[in-house]
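To start, the structure under review is shown below, and the notes come after it.
The values are calculated or read from the model by the stated rules, or taken from the named source; none is laboratory data. In this text, all values refer to a predicted model and were calculated from it rather than measured experimentally. Don't worry about glycine lacking a Cβ; one is built from the backbone with ideal geometry, like all the others, and counts go over all protein chains shown. When the accessible area is computed, the model is the full protein with side chains, heavy atoms only, and any ligands, DNA or RNA have been set aside. Shrake-Rupley method; radii C 1.70, N 1.55, O 1.52, S 1.80 Å.
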Amino acid sequence: MDRSRILEVIKQYDKDSITIATLGSHSALNILRGAKDEGFRTVCLCREKERIIYESFGVADEILDLKDYPDLLKKSMQDELIEKNAIIIPHGSFNAYIGKLDELIVPVFGNRMLMAWEVDREKQRKWLTNAGLTLPKTFDKPEDIDRLVIVKYPGARGGMGYFLASSPEEFYEKAKQMVEKGLIDASEIENAHIQEYIVGANVYFSFFYSPVFGRVELIAADRRYEASVDGLGRIPADQQLRAGLMPTYTVIGNFPVVLRESLLAQAIKAARNVVEVSKQIAYPGMVGPFCLEAVFDENAKMIVFEISARIVAGSSVGIPASPYSYVLFGEPMYMGRRIAREIRLAAEKNMLDEVIY
Ligand code: AMP
Ligand code: AMP
């Protein structure tokens, strides 16, 4: 979608009555609560299945029904959103269930071109490497596996169907089992991403790049709660062996994390570098939320295995404030609210063009 067409749309908006809209899933409660805290009207586009969630919390001024997520792209739906001066806040479901946003003319907060970089693992790797970060080694084909690896798939899948292997034979055996269990499609094996497994402590950093303030902000940090890997430790080792259990990584929830303070230097430097490189790869560069997913190894070295160029669901551990957002703002602040705050400030300063794409 040509950027100039979207800028045309936002030019026509009444800046005093902007609506914040998002799909009803992933981190919509976070986004909608934040929009209300900053005084915006809110719209939640949701399927029948999830309606119960958004009705229960009262943060959507209006719920618009969707049969399925891609209905967001229908002309009638887009016209209705534009009519409401809507700015869409993208999250993981946009990647997972809609994909390319080429047909979306409604302004999106952030940079939709970077979201496309996120779903392409090769591009993502290039971005992170150019930012000078340390990444796990990757293996082009299963035959090359010579150490413990984790096997993943493209897109935001929340760890579903991931598995560990230490040799080519184990890769093919486990892949077969995953297909039989219905956790993955046989075709996905060919596109699998094979990555060195880093043993250490996982931390997901939710950052925000503010064009209004020209700075990178750490808003929250979390780690995941995953089935079944987080349940295995509750079973004695001999039972694990007898039952032939293998860990899976389906995300179920998140826990807040506060880091040993001296380690923040690595994380903040990494985030700043990622923002610098983003300006070279996709104009106008990073805008708004992004997440660096990292493992700290036994030497407390940060290894980054993924970037998300949008809000991540784990940032919800920081509602109404995480230790970091509170230290920075001195008032309750969390990712949904931080997004809405940026939109409000950008509207006041005539900078909306710089925060949407
Ligand atoms: P859902 O609305 O739960 O279907 O999630 C939408 C997409 O985001 C799916 O691809 C999920 O795997 C992913 N997702 C949802 N919640 C989380 C989370 N807490 N951590 C990581 N990924 C998530
Ligand atoms: P992802 O979908 O890439 O965020 O990863 C889902 C799960 O796999 C999380 O528990 C991660 O900690 C774990 N994971 C992913 N990549 C690696 C890696 N290279 N080393 C260790 N754990 C990983």
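Stokes-Einstein diffusion coefficient for region 104-254 at 20 °C in a medium of 1.002 mPa s, Rh from the Kirkwood formula over Cα pairs: what value in µm²/s?
Numbers: Rh = 17.8 Å.
So the translational diffusion coefficient is about 121 µm²/s.
Considering the chain as a Gaussian network with a 10 Å cut-off on Cα pairs, which listed residue, GLU188, GLU38, GLU293, attains the greatest mean-square fluctuation?
Result: GLU188 has the largest fluctuation of those listed.
Could you work out [θ]222 nm for the chain from helices alone, using -39500 (n - 2.57) per DSSP H run of at least four and dividing by all its residues? Round to the nearest 500 deg cm²/dmol.
Value at 222 nm, helices only: -10000 deg cm²/dmol.
Using a 1.4 Å probe, what is the accessible area per residue for the chain, in Å²? Walk me through the intermediate numbers first.
Numbers: 16340 Å² over 357 residues.
Ligands and nucleic acids excluded, the figure is 46 Å² per residue.
Based on the mean of other beta carbon atoms within 10 Å per residue, what is the order of 296-304, 160-168, most packed first?
Put in order of decreasing packing, that is 160-168, 296-304.
Using a 1.4 Å probe on the protein heavy atoms, what percent of the accessible area of region 138-196 belongs to carbon and sulfur?
Numbers: 1420 of 2950 Å².
Carbon and sulfur atoms account for 48 percent of the accessible area of region 138-196.
Report in % the part of the accessible area of region 3-108 that belongs to carbon and sulfur, leaving out ligands and nucleic acids; probe 1.4 Å.
Details: 2290 of 4790 Å².
About 48 percent, which is the carbon plus sulfur part of the accessible surface.
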